[in-house]
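**Q** Handing you a structure now.
The values are calculated or read from the model by the stated rules, or taken from the named source; none is laboratory data. On a predicted model such as this, the values are computed, not experimentally measured, just so you know. Cβ coordinates were reconstructed from backbone atoms using ideal geometry, including for glycine residues, and neighbour counts include every protein chain displayed.
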Amino acid sequence: METPDRGGVLSWRSRLKICTTKLFLREFGARVTRAWQPFDTDRFVRLSLAEGWEALALKARIRRISLSLGAVLPDDYERALDILEGIADECRGFPYLFFPDFVESFGLSHWDRSVRALALFTRSSSAEFAVRPFIKLDCARMMAQMRAWSADPDEHVRRLASEGCRPRLPWADALPAFKRDPSPILPILEALKADPSEYVRRSVANNLNDISKDHPGLVMELAARWHGADPQTDALLRHACRGLIRGRADEDAMRLFGLLPAPEAVVRAWSVSPEAAAIGDAVMIAYSVELLLPEAESRKLRLELAVTYPRSAEGSGYRKLFRLAERQVAGGGALEGTRKLSFKDLSTRRHYPGTHTLALVVNGKETATTAVVLEAAKEAAP
């Protein structure tokens, strides 16, 4: 979930972790009090940071804050919404995701009022999570609204039209109906495929990538129809088809973007150093692929590193692709370089001792392999 002017170098999860602190909540409470004097900041902070706060995941913290707001703001939902809308311009950025979450928590039975609020709040943070319960409640009605949003003058509202209906939006509940049949989404993507905002176009690409996991043929049909009309749409489509190119090595997708089968590509070097490492260490990959064609001819080559990681000490492995290089190469030329591969544990990936297979993938085809034997982490010196 990225947006211009809202990011910085930290992930949105990190920014939320920093900002949802007692100081942040008290400052927010003071802002509400200036708009509505009866607001009890002490009670709001106490409810938000009540028992179990530290153990809550980030989305659960957002929900805790929005429920605490509901307990301290007026019982009348529309009156409470008036207060939040009145200070929305002062509350910009991802830490304020509890504004749209408040609507999701309390506003499902106030459809028209809530929809207007979501369009306002998404300009300041993002309502992509909050629209999804409305889609599930009344798909036809909400998707009609999102089609209308796709023509909104504000890029954040147009982006919400696409991002909110992604079948597999990360950190959100999936939309199973759209996994089965994504046709209600397509008019929105059609309307936004050449949007002037890269922020919006990137959302369209991510939505199409979601759809490609269940309906690859449909996405390829759209890509073939849209491709060539606009350079920005072409770039969108390339990002949209990344799963088809990387995960499936789909021949139609590869050909559409010039990644033709390359039997003329010969691997001259593919090595790893050292061949054994410990968890926490890194190794260096070296590669060289030469193109055996006349100098007057050329071929676009995409090189990727495929690493097969053990899932656990005894479990089966899983494969992850890392991009090495992609470039048009003239006949007789080579695509070569090095790549550092770290075995440091991450929040999204743990490493286990055992053999890790490293494969060189050229235009979707595995062409060479090597291996690293990973050992247990070294014990720290006393």
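The rows are residues; the columns are (1) under 15 Å from ASP281 (Cβ atoms); (2) touching a strand residue (DSSP E or B) at 6+ places or on another chain (Cβ under 8 Å).
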site	(1), (2)
ALA334	no, yes
THR338	no, yes
PHE343	yes, yes
LEU346	yes, no
HIS351	yes, yes
THR357	no, yes
GLY364	no, yes
LEU374	yes, yes
GLU379	yes, no
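**Q** Within 20 Å of ARG323 (Cβ to Cβ), touching a Pro at 6+ places or on another chain (Cβ under 9 Å) and in a strand (DSSP E or B) - does that describe any residue in the range 266-280?
**A** Checked against the condition, which is being within 20 Å of ARG323 (Cβ to Cβ), touching a Pro at 6+ places or on another chain (Cβ under 9 Å) and in a strand (DSSP E or B), the range 266-280 yields no hits at all.
**Q** Within the set of pairs 6 or more residues apart or between chains, which connect a residue that is touching a residue at least 40 places away in the same chain (Cβ under 8 Å) and over 11 Å from ALA80 (Cβ atoms) inside the range 98-122 to a residue that is buried (at least 24 other Cβ atoms within 10 Å of the Cβ) and small (Gly, Ala, Ser) with Cβ atoms less than 7 Å apart?
**A** Close Cβ pairs (under 7 Å, with a partner that is buried (at least 24 other Cβ atoms within 10 Å of the Cβ) and small (Gly, Ala, Ser)) amount to LEU118/ALA127; LEU118/ALA130.
**Q** Something else about it: Got a sec? Which of LEU360, LEU335, LEU305 is within 24 Å of the chain's Cα centre (by Cα) and at pLDDT 95 or above?
**A** LEU305
**Q** Are there any helices (runs of 4 or more DSSP H) wholly within the range 34-140 with 1 or more residues that are closer than 30 Å to SER203 by Cα, and if so which?
**A** Passing ranges, in order: 58-72, 77-86, 98-106, 111-121, 131-137.
**Q** Can you go through GLU198, GLU163 and tell me which one is at pLDDT 95 or above and exposed (fewer than 15 other Cβ atoms within 10 Å of the Cβ)?
**A** After applying the criteria, what remains is GLU198.
**Q** Does ASP234 satisfy being over 19 Å from the mean Cα position of the chain (by Cα) and either without any contact (Cβ under 8 Å) to a residue 60 or more places away in the chain or assigned to a loop (DSSP other than H, G, I, E, B) (or both)?
**A** yes
**Q** So, in the range 123-145, exactly how many residues are aliphatic (A, V, I, L, M) and either surrounded by 24 or more Cβ atoms within 10 Å (Cβ to Cβ) or touching a Ser or Thr at 6+ places or on another chain (Cβ under 8 Å) (or both)?
**A** Total satisfying the criteria: 3.
**Q** Can you tell me which of SER203, SER162 is farther than 16 Å from ARG242 by Cβ, among the hydroxyl-bearing types (Ser, Thr, Tyr) and in contact with a helix residue (DSSP H, G or I) (Cβ under 9 Å, 6 or more places away or on another chain)?
**A** Just one listed residue meets the conditions, SER162.
**Q** Residues that are in contact with a Phe, Trp or Tyr (Cβ under 9 Å, 6 or more places away or on another chain), touching a residue at least 40 places away in the same chain (Cβ under 8 Å), among the charged types (D, E, K, R) and closer than 20 Å to MET254 by Cβ: does the range 268-283 have at least one?
**A** Looking for residues that are in contact with a Phe, Trp or Tyr (Cβ under 9 Å, 6 or more places away or on another chain), touching a residue at least 40 places away in the same chain (Cβ under 8 Å), among the charged types (D, E, K, R) and closer than 20 Å to MET254 by Cβ, one finds none in the range 268-283, hence no.
**Q** Output the residues belonging to the range 308-317 that are in a strand (DSSP E or B) and modelled with pLDDT under 90.
**A** GLY317
**Q** Without any contact (Cβ under 8 Å) to a residue 60 or more places away in the chain, farther than 23 Å from GLU78 by Cα and of a type outside the set (Lys, Arg): which single residue out of ASP138, ASP152 fits that description?
**A** Step by step, each of ASP138, ASP152 is checked, and only ASP152 is without any contact (Cβ under 8 Å) to a residue 60 or more places away in the chain, farther than 23 Å from GLU78 by Cα and of a type outside the set (Lys, Arg).
**Q** While we're on this one: Taking the range 273-326 only, how many residues are under 18 Å from THR369 (Cα atoms) and of a type outside the set (A, V, I, L, M)?
**A** Matching residues across the range 273-326 total 17.
**Q** For the range 219-239, check the following and say yes or no: at least one residue is in contact with a Ser or Thr (Cβ under 8 Å, 6 or more places away or on another chain), among the small types (Gly, Ala, Ser) and modelled with pLDDT of 95 or more.
**A** no
**Q** Right, another one. May I ask you to say which residue of PRO196, PRO182, PRO153, PRO170 is in a loop (DSSP other than H, G, I, E, B), more than 19 Å from TRP111 (Cα to Cα) and in contact with a Pro (Cβ under 8 Å, 6 or more places away or on another chain)?
**A** That would be PRO182, the only listed residue that is in a loop (DSSP other than H, G, I, E, B), more than 19 Å from TRP111 (Cα to Cα) and in contact with a Pro (Cβ under 8 Å, 6 or more places away or on another chain).
**Q** Next up: Please pick out the residue among ARG339, ARG349, ARG302 that is under 27 Å from CYS241 (Cα atoms), touching a residue at least 40 places away in the same chain (Cβ under 8 Å) and part of a loop (DSSP other than H, G, I, E, B).
**A** Only one candidate passes the filter, namely ARG349.
**Q** Condition first: more than 30 Å from GLU290 (Cβ to Cβ) and either of a type outside the set (A, V, I, L, M, F, W, C) or outside the structural domain of MET146 (by TED's automatic domain parsing) (or both). Can you find one or more residues in the range 246-257 that meet it?
**A** no
**Q** Please find, among ARG246, ARG255, ARG327, the residue that is within 31 Å of the chain's Cα centre (by Cα), surrounded by 15 or more Cβ atoms within 10 Å (Cβ to Cβ) and within 30 Å of ASP195 (Cβ to Cβ).
**A** Exactly one of ARG246, ARG255, ARG327 is within 31 Å of the chain's Cα centre (by Cα), surrounded by 15 or more Cβ atoms within 10 Å (Cβ to Cβ) and within 30 Å of ASP195 (Cβ to Cβ), namely ARG246.
**Q** If you don't mind, another one. Which condition number does SER273 fail, the rest of (1) modelled with pLDDT under 95; (2) out of contact with any helix residue (DSSP H, G or I) (no Cβ under 9 Å at 6 or more places or on another chain); (3) farther than 17 Å from THR367 by Cβ being met?
**A** (1)
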